[in-house]
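Here the structure is laid out as structure tokens; the discussion comes afterwards.
The values are calculated or read from the model by the stated rules, or taken from the named source; none is laboratory data. Keep in mind it's a predicted model, so treat the numbers as computed, not measured. Neighbour counts are summed over all protein chains in view; Cβ atoms, including those assigned to glycine, are modelled from backbone coordinates with ideal geometry. Surface areas here come from the heavy atoms of the whole protein model, side chains and all, with no ligands, DNA or RNA. Shrake-Rupley method; radii C 1.70, N 1.55, O 1.52, S 1.80 Å.
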Amino acid sequence: MEFIDKLQYHSSNTIQSTTALQTDSGYGKSAASLESESGISCKSSEFKLLESLVLGADWEGCIANLYGIKEMTDEQRDTALFLVLKQYFLECLGRGDDSLALSLLRKQISNLKEGREKLHMLAFGLLSLGELGLNKLYDNNDVFQGLRKFLINELENLIPPPITVPDKRLEHLVEKVVGSQIDSCIYHNTLDQVSIYKDHRCGRDQIPTETVQILSAHKNEVWFVQFSNNGNYLASSSSDCTAIIWKVRDDSKLVLEHTLKSHQNPVSFVAWSPDDTMLLTCGSSEVLRLWDVDTGTCKHTFGDNGFIVSSCAWFPCSTRLVCGSFDPKKGICMWDCEGNEIKAWRGIRMPKISDIAVTPNGEYLISIFSDHDIRILNVSMNTERVISEEHPITSLSVSGDSKYLIVSLNSQEIHMWDVDGCLERPLRYKGHRQHKYVIRSCFGGANGLFIASGSENPQVYIWNRRISDPIEVLSGHSMTVNCVSWNPKRHQMLASASDDQTIRIWGPQSECNKDL
């Protein structure tokens, strides 16, 4: 019997929410038909009474009714009383009864905790009806009725259930159910809408788990890879003193587009301009070079042979760039594309910079300094926050939505922090190996829901951001995997760079191998 009672209760709630949805969507006749056939009204008897009191301008009755609703908090009741008394006050002004309006303002409205600015606005209405839009309301009952209906809508959104059905409740429940199913799906990797007609579950074929191509153009260890922002190119750099731009064809195969050969020392870092027309390359003993992506020619060289650049990044405009240096005297420099220095952060507070990033929205400049510290600088406000890690940090990566950052530590953990500083402790990811070398990790997949990393053992690790242990470990390389990059547009494509002198492109498991 208890189960039947619960079923009937939930069924009644569902019918009320459906009726409210039909009404809000403009299907008034359908809503009325559902109410008539089910015998269940969208509005409770308590709210129907309040509605009739408002439409009948029985303001004293409205006030008494609100005091009788036990489900309301004191704050909700004060707000509802203010709305009712404001309507009462405005109608008094509109009909020319200034003395009653003044009495309401002094004796009732002023006692509510609704803020002095609202009280001042109403007081000002006594002096200027036009400011409140009431100069044409004398004896205009249609206008008053319209204002009363608006008041009813405000009260309906304010008064808690079960007196009223919360606004858009059914849509909220559907979105919550869909969101919950997505959250519980560890392989979810699509931007497509999720149907409510069946339970949602993605298979591991939604993420890259299988080698689909091996790139072998480099002649020595490959240290860095990064896909372009539009997903149409991949850049790689190597200890063979070159960087390579690869073109991603429509069939998802990569072909060599340009080999960039001006560096005299190993190239350890590359960075795509946000518009993907330019590429920066640098190395621990190298200058910073700017390349034209279409032609593969060097457009500019920044600094000189004594300027040791560790990493670089772009601002969203594609006209400003920053680089960090291992040399404390150099710190962080901001340049335009012609090599003009715009700004610099140097001195005692700017020790050795090992990695640097700019959030995609351009609001924050994030750097790793003194091996253990993450510096988050708000560029426009010139304010900063520092996060200190216990173990040395080897690399940094920022999420595409500018909300999160991950750092790889030589303690064999990856930590995720939020940029705004809400997290007191980081989310931690483990399972890979990192102790001696620089290993780079990245966000990836649809909505950046995954984290991928290389490892000092010859494997690639993939985590769902909600789970600390890896959901996939990819084998194929024969030596340390230094860096990974997830294609930002082709969410099932991942690249990895290794000391075995190759780049592996990973894709979803092929149909012929699913049963193996």
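So the values come out like this:
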item: Over the range 346-500, equivalent-ellipsoid semi-axes from the Cα gyration tensor in Å; result: 25, 18, 14
item: Size-normalised alpha-carbon gyration radius of the range 226-441, reference 2.2 N^0.38 Å; result: 0.99
item: Segment residue 250-residue 381, length gained on full extension (0.36 nm per residue, minus Cα span); result: 42.9 nm
item: Cα-based convex hull, the range 424-516, per residue volume (Å³, whole number); result: 119
item: Enclosed volume per residue, in Å³, of the convex hull spanned by Cα atoms of the range 325-397; result: 99
item: If the convex hull is drawn through the Cα atoms of the chain, its volume per residue in Å³; result: 239
item: Estimated FRET transfer efficiency when R0 is 22 angstrom, pair residue 326-residue 372 (beta carbons, to 0.05); result: 0.90
item: In Å², nearest 10: area of residue 183 left accessible to a 1.4 Å probe; result: 90
item: Net +/- balance of residues flanking residue 396 in space, Cβ distance below 13 Å, scoring K and R +1, D and E -1; result: -2
item: Kirkwood hydrodynamic radius of the range 264-340, Cα pairs, Å; result: 12.3
item: Solvent-accessible ranking of 294, 250, largest area first, probe 1.4 Å; result: 250, 294
item: Accessible area of the chain divided out per residue, in Å², using a probe of 1.4 angstrom; result: 49
item: Residue 504 - accessible surface, heavy atoms, 1.4 Å probe, Å² rounded to 10; result: 40
item: Accessible surface, 1.4 Å probe, highest first, among residues 433, 116; result: 116, 433
item: Added length on full extension, which subtracts the Cα-Cα distance from 0.36 nm per residue, residue 469 to residue 490; result: 5.1 nm
item: Added length on full extension, which subtracts the Cα-Cα distance from 0.36 nm per residue, residue 67 to residue 319; result: 84.6 nm
item: The range 148-199 - Rg over Rh from alpha carbon coordinates, Kirkwood radius; result: 1.20
item: Exposure of residue 401 as accessible area (Å², to 10), given a probe of 1.4 Å and all protein chains; result: 80
item: Total formal charge among the other residues, if their Cβ is under 15 angstrom from that of residue 482, Lys/Arg +1 and Asp/Glu -1; result: -2
item: Solvent-accessible surface ranking, highest first, for 112, 474 at 1.4 angstrom; result: 112, 474
item: Alpha-carbon centroids, the range 381-459 and the range 88-102: separation in whole Å; result: 62
item: Sulfur and carbon atoms: percent of accessible area, the range 226-441 [1.4 Å]; result: 46
